[in-house]
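J.: Before anything else, here's the structure in question.
The values are calculated or read from the model by the stated rules, or taken from the named source; none is laboratory data. The model shown is predicted, which means the values in this text are computed figures rather than measured ones. Note that we place each Cβ from the backbone using ideal geometry, even for glycine, and neighbour counts take in every protein chain shown. Side chains are part of the model used for accessible areas, which takes the heavy atoms of the whole protein and leaves out ligands, DNA and RNA. Shrake-Rupley method; radii C 1.70, N 1.55, O 1.52, S 1.80 Å.
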Amino acid sequence: MRSNSSWPHTSLSEILEIDLPILQAPMAGGATTAELVAAVSNAGAFGSLAAATLAPEKIAAEVARIRQLSDKPFGINLFVLEPPAADPQLLRAAQERLRPYYEELGMALPALPEKLCESVSAQIDAVLALQLALRPALVSFTFGIVKAAVVERLHAQGIKVMGTATNVAEAQAWQAVGADLICAQGAEAGGHRGTFIGDFEQSMLGLFALLPQVVDAVALPVVAAGAIMDGRGIAASLMLGAAGVQMGTAFLTADEAGIHPGWKRRIAAGPETATAVTRVFSGRPARAIVNGFVERMTAQADQLPAYPLQNALTGALRAAGFKAGNLEYVSMYAGQGGPLARALPAAQLLARLKTETDLLLGE
Ligand SMILES: Cc1cc2nc3c(=O)[nH]c(=O)nc-3n(C[C@H](O)[C@H](O)[C@H](O)COP(=O)(O)O)c2cc1C
């Protein structure tokens, strides 16, 4: 058992050289704009760029935009994934299932996507090639684990490493490859499940169950994630042994978050039962707001191809839905705490989070 009662000074704030041990979660799909990342870091917390879907050559440009807005520490997040060899026939059959949805939006089935996903090794090389001024303080990973040699290469450039864990074995595996931090992702969390050891359903652990067990199992500082929306969630996480928190949904409604305004409204409108974990959008279980696409596709969910195939096949549909403002066809990832979200500029949200947590824990 470890205590982190010295809020806001914890092992996390020390390692990342930040004032507030609050990480804005990396959120792929356009949410984590350079403006959001910079606003969070400038406010003394830690902004994270979701770079998993960025081509390696785009990473430097995005980081340069952050650096124009902030000289504070920030992080980059990647999915541990390599493009799979996919049989075009299988892809076309999987795409055929989506025809009615494309047609309802007035579209023909698009050509098969040329690229199914980015290569994480190429992305890591791009991060390692960043010039000193653009270098992130942290690279975090989800969906899998990297080799110790990769961690060593990042360490050699002064970059810390955080691995996502949804169970104790994953946290121990990250510790074994030399990670500096573990992000314990509870089942409440919005977005994709990070599970990479064992069956994902067995690892749908609520944060209150997962966090203290991970804290007990590893010697590393643990960052809590999953429906942490206000000072109560932060204080509770620290009480359970976390060194800090990673908050996603709470920042989705921030002014700087780059998501569709209708998605922001749906998060706030709730109710708390509005989300489900589904693989219909991407082929990998992820917590999203239930809409028409989820309701209609769930019966076929078991037959859909795995990530990144289904994700690539629904990409044009989701983009068209957002463009048309038709939210019945889009993925609106969000955690179970959505109705607690506040629509504020990120700096104001962080100021409130600090005050609320100060009141509970004392400064
Ligand atoms: C819209 C959205 C996108 C996300 N994308 C990523 C991602 O790219 N990489 C990642 O490690 N986690 C991602 N996550 C998960 C977060 O890291 C974190 O586990 C989650 O937001 C915590 O739960 P909360 O949303 O209830 O705060 C995403 C979450 C959301 C809501």
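J.: If you take just the helices (runs of 4 or more DSSP H) that sit entirely in segment 245-363, which of them hold at least 1 residues that are without any contact (Cβ under 8 Å) to a residue 24 or more places away in the chain and either open to solvent by less than 40 Å² (accessible area, probe 1.4 Å) or outside the structural domain of residue 53 (by TED's automatic domain parsing) (or both)?
T.: Values: elements: 249-252, 261-269, 292-297, 309-324, 346-361.
Correct list: 261-269, 292-297, 309-324.
J.: Residue 214: buried (at least 18 other Cβ atoms within 10 Å of the Cβ), within 18 Å of the chain's Cα centre (by Cα) and touching a residue at least 24 places away in the same chain (Cβ under 8 Å), yes or no?
T.: Details: buried (at least 18 other Cβ atoms within 10 Å of the Cβ): yes; within 18 Å of the chain's Cα centre (by Cα): no; touching a residue at least 24 places away in the same chain (Cβ under 8 Å): yes.
Here the answer is no, as residue 214 does not meet what is asked.
J.: Kindly evaluate residue 208 against the criterion of being assigned by TED's automatic domain parsing to the domain that holds residue 46, surrounded by fewer than 22 Cβ atoms within 10 Å (Cβ to Cβ) and either at pLDDT below 95 or of a type in the set (Phe, Trp, Tyr) (or both). Give the derivation first.
T.: Details: assigned by TED's automatic domain parsing to the domain that holds residue 46: yes; surrounded by fewer than 22 Cβ atoms within 10 Å (Cβ to Cβ): yes; either at pLDDT below 95 or of a type in the set (Phe, Trp, Tyr) (or both): yes.
So residue 208 passes the test.
J.: Moving on. Please specify each residue of segment 233-265 satisfying the condition of being within 11 Å of the ligand (Cβ to nearest atom) and among the hydrophobic types (A, V, I, L, M, F, W, C).
T.: Those that are within 11 Å of the ligand (Cβ to nearest atom) and among the hydrophobic types (A, V, I, L, M, F, W, C): 245, 247, 250, 251, 252, 257, 259, 263.
J.: Moving to a separate point now. So, of the residues in segment 15-39 that are of a type in the set (Val, Ile, Thr) and not in a loop (DSSP other than H, G, I, E, B), which turns out to be nearest to the ligand (Cβ to nearest atom)?
T.: To start, the set of residues in segment 15-39 that are of a type in the set (Val, Ile, Thr) comprises 15, 18, 22, 32-33, 37.
Checking the rest, the ones that are also not in a loop (DSSP other than H, G, I, E, B) come to 15, 22, 37.
Numbers: 15: 18, 22: 11, 37: 13 Å.
Here the answer is 22.
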